[in-house]
Structure formats: C-alpha cells, structure tokens
Amino acid sequence: MLNPISISDVVNSLVPISRFNKGEANKIFEEVRETGFKIVLKNNSPACVLITPEVYEEMLETIENYRLLVEAEKRMENAKA
C-alpha cells in the first residue's frame, strides 16, 4: 500500500536531470528502490516521476478498482429505477 508522503519526502526526492547526464542512473534507480519514487527536474521543473514497478502496479490496480466501483454504482442506480 502507498505510504503517506510528507513535504520533506518530496523535497528529498527531487533529482536534477544532470545527474543522469553524469552517469548516475544506477545510483538514482537504487534510490528509487529505497524510497519508492524520485521526481526528475529539467530546467527546475518536474519532467517525470520515477516509481518502482510495485508502486506502478498498485496504482494501476487502484485505478481499476475505482473504475469497477463507478460501474457498480451506475448499475445499482439503474437497478433502483
């Protein structure tokens, strides 16, 4: 399950894209495995978010569960009518 994220977690997760250009990709990927995510900055703006495969799968499952919930609610509403 996703853990609550604090502001300090977000600040500590910021990674300038220049670290990739310096050949630090493996180290950054290890940091992602340890912390769960990193936010890559390009020109001081977020360019992408790196997450672990487990977090990604959990997010997809959550989205699918929500979609199923919405569908079930629609069907329940139609059944009442």
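So here's what we get for this one:
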item	result
The chain - percent relative contact order, Cα under 8 Å, separation 6 or more	23
Between 0 and 90°, nearest 10: helix 25-35 axis offset from the chain longest Cα axis	50
Linear extension gain, GLU58 paired with ARG19, 0.36 nm per residue minus alpha-carbon span	11.3 nm
Percent carbon-and-sulfur accessible area, the chain, ignoring ligands, DNA and RNA, probe 1.4 Å	58
Heavy atoms of ARG19: accessible area, 1.4 Å probe, square angstrom to 10	50
The chain: Lys pairs at Cα distance under 21 angstrom, eight or more positions apart or on different chains	4
Rounded to 5, percent antiparallel among DSSP beta bridges of the chain	65
Entry for percent of Cα pairs over 21 Å apart (calculated from the structure that is shown) out of (i) 37; (ii) 45; (iii) 30	(ii)
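The values are calculated or read from the model by the stated rules, or taken from the named source; none is laboratory data. Here the structure is a predicted model, which is why all the values come from computation and not from measurement. Ligands, DNA and RNA are stripped out before the accessible areas are found, and what is left, the full protein with its side chains, is counted by its heavy atoms. Shrake-Rupley method; radii C 1.70, N 1.55, O 1.52, S 1.80 Å.
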